[in-house]
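The values are calculated or read from the model by the stated rules, or taken from the named source; none is laboratory data. On a predicted model such as this, the values are computed, not experimentally measured, just so you know. Methodologically, a virtual Cβ is constructed for each residue, glycine included, from the backbone with ideal geometry; neighbour enumeration extends over all protein chains shown.
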Amino acid sequence: MDIGTAKPDRETLTRFPHHLIDLITPEERYSAARFRSDALRVMAEITARSRVPLLVGGTMLYFKALIEGLADLPEADPELRAAIDAQATERGWPALHAELARGDPDTAARLAPTDSQRIQRALEVLRLTGRPLSSFLQRQEAPALPYRLLTIALVAPQRQRLHERIAERFHAMLAAGLVGEVEALRARYRLSGELPSMRCVGYRQVWEMLEGRLPRGELAERGIFATRQFAKRQLTWLRALREAGTIDLESALAEPAAAARIELAIAAHLEHTLRQNE
């Protein structure tokens with residue numbers, strides 16, 4: 001899944017080694033909990049080489065999971081998930097959302113009736129344990145992260161410009177062969193529209209088009225709209241990180257001085273950390 005995820009190209013990966021890329025196939029499921037475990041392992045390997053780990057991109061949920069930890073939830077049950085998916089196909093996700101509201105009203109209240117992935121997980125936990133997901137989250141304790149973090153956010157200050165950049169990016173992915181990529185994935189793997197990989201923004205819209213549920217002429221419009229909604233959610237997560245230093249994205253792209261500001265912030269952070277460790 002290269003194009004729709006904006007994965008760094010081979011030249012970039014050769015110049016700047018990345019970790020946690022190409023870990024699983026599109027048939028598999030990943031999680032924030034597994035990410036935290038994988039990230040901490042790789043970060044320890046990097047610091048053991050006297051290097052500084054850089055956590056770049058990704059979703060804010062995963063970043064929050066790394067910083068704060070996650071509740072100790074039961075393992076996923078593939079058979080139960082398949083049964084929930086079958087019920088959703090027969091009854092629709094809004095009906096399962098209503099069922100969730102009866103057993104776990106707190107969780108249901110913060111989920112949209114069409115949020116299939118989270119409804120599925122909440123129902124799975126409820127049926128496996130007889131306890132609402134919200135009760136696990138309330139008991140969550142944040143384990144200490146053995147790092148001092150410097151958080152820098154590149155943010156488009158104007159919503160209109162952000163929307164323009166999102167549209168440019170989605171059209172660029174289509175031009176680069178996003179539809180062909182999904183067709184090749186469908187031919188190579190046993191995929192369904194309910195897998196997390198095919199529910200990702202961009203992939204989901206292409207899948208619906210290939211299944212005949214979305215006219216090809218509406219693909220770009222629907223993909224851009226979904227990306228804008230996703231960006232809005234990420235900004236909401238970002239605003240909750242009060243320690244994040246924000247830099248104007250447009251200035252960072254246009255002005256060499258912006259890169260120098262980031263370098264100065266990193267240098268000051270490292271100096272402060274060294275003083276604290278003395």
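Okay, here's what the table says:
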{"quantity": "Checklist (1) without any contact (Cβ under 8 Å) to a residue 60 or more places away in the chain; (2) outside the structural domain of residue 248 (by TED's automatic domain parsing); (3) not aliphatic (A, V, I, L, M) applied to residue 164, failing item", "calculated": "(2)"}
{"quantity": "Boolean, residue 77 is farther than 22 Å from residue 173 by Cα, surrounded by 13 or more Cβ atoms within 10 Å (Cβ to Cβ) and over 19 Å from the mean Cα position of the chain (by Cα)", "calculated": "yes"}
{"quantity": "One residue from 29, 34 being in a loop (DSSP other than H, G, I, E, B) and at pLDDT below 90", "calculated": "29"}
{"quantity": "Single unsatisfied condition, residue 124 versus (1) part of a loop (DSSP other than H, G, I, E, B); (2) surrounded by 15 or more Cβ atoms within 10 Å (Cβ to Cβ); (3) not aliphatic (A, V, I, L, M)", "calculated": "(1)"}
{"quantity": "Per-region count, the stretch 182-214, residues of a type in the set (S, T, N, Q) and within 16 Å of residue 2 (Cβ to Cβ)", "calculated": "1"}
{"quantity": "From 10, 41, residue being farther than 30 Å from residue 188 by Cα and loosely packed, with under 13 Cβ neighbours inside 10 Å", "calculated": "41"}
{"quantity": "Sole residue being modelled with pLDDT under 95 and crowded, with 16+ Cβ neighbours inside 10 Å, chosen from 264, 249, 219", "calculated": "249"}
{"quantity": "Flag if residue 23 is under 24 Å from residue 266 (Cβ atoms) and at pLDDT 90 or above", "calculated": "no"}
{"quantity": "Residue match in the stretch 14-25 (condition: charged (D, E, K, R), surrounded by fewer than 16 Cβ atoms within 10 Å (Cβ to Cβ) and in the same structural domain as residue 265 (by TED's automatic domain parsing))", "calculated": "yes"}
{"quantity": "Test: residue in the stretch 199-210 that is surrounded by fewer than 17 Cβ atoms within 10 Å (Cβ to Cβ), at pLDDT 80 or above and either in a helix (DSSP H, G or I) or touching a Ser or Thr at 6+ places or on another chain (Cβ under 9 Å) (or both)", "calculated": "yes"}
{"quantity": "Residue match in the stretch 84-94 (condition: among the polar types (S, T, N, Q), surrounded by 14 or more Cβ atoms within 10 Å (Cβ to Cβ) and under 24 Å from residue 230 (Cα atoms))", "calculated": "no"}
{"quantity": "Pairs with Cβ under 6 Å, 6+ apart, first in the stretch 227-238 and closer than 21 Å to residue 172 by Cα, second surrounded by 15 or more Cβ atoms within 10 Å (Cβ to Cβ) and β-branched (Val, Ile, Thr)", "calculated": "227/166; 227/201; 228/166; 230/201"}
{"quantity": "Pair list, Cβ < 8 Å and 6+ apart or interchain, from the stretch 20-42 residues that are closer than 23 Å to residue 192 by Cα to residues that are aliphatic (A, V, I, L, M) and exposed (fewer than 12 other Cβ atoms within 10 Å of the Cβ)", "calculated": "30/23; 30/24"}
{"quantity": "Hey, residue 47 assigned by TED's automatic domain parsing to the domain that holds residue 186, surrounded by 13 or more Cβ atoms within 10 Å (Cβ to Cβ) and in a helix (DSSP H, G or I) or not", "calculated": "yes"}
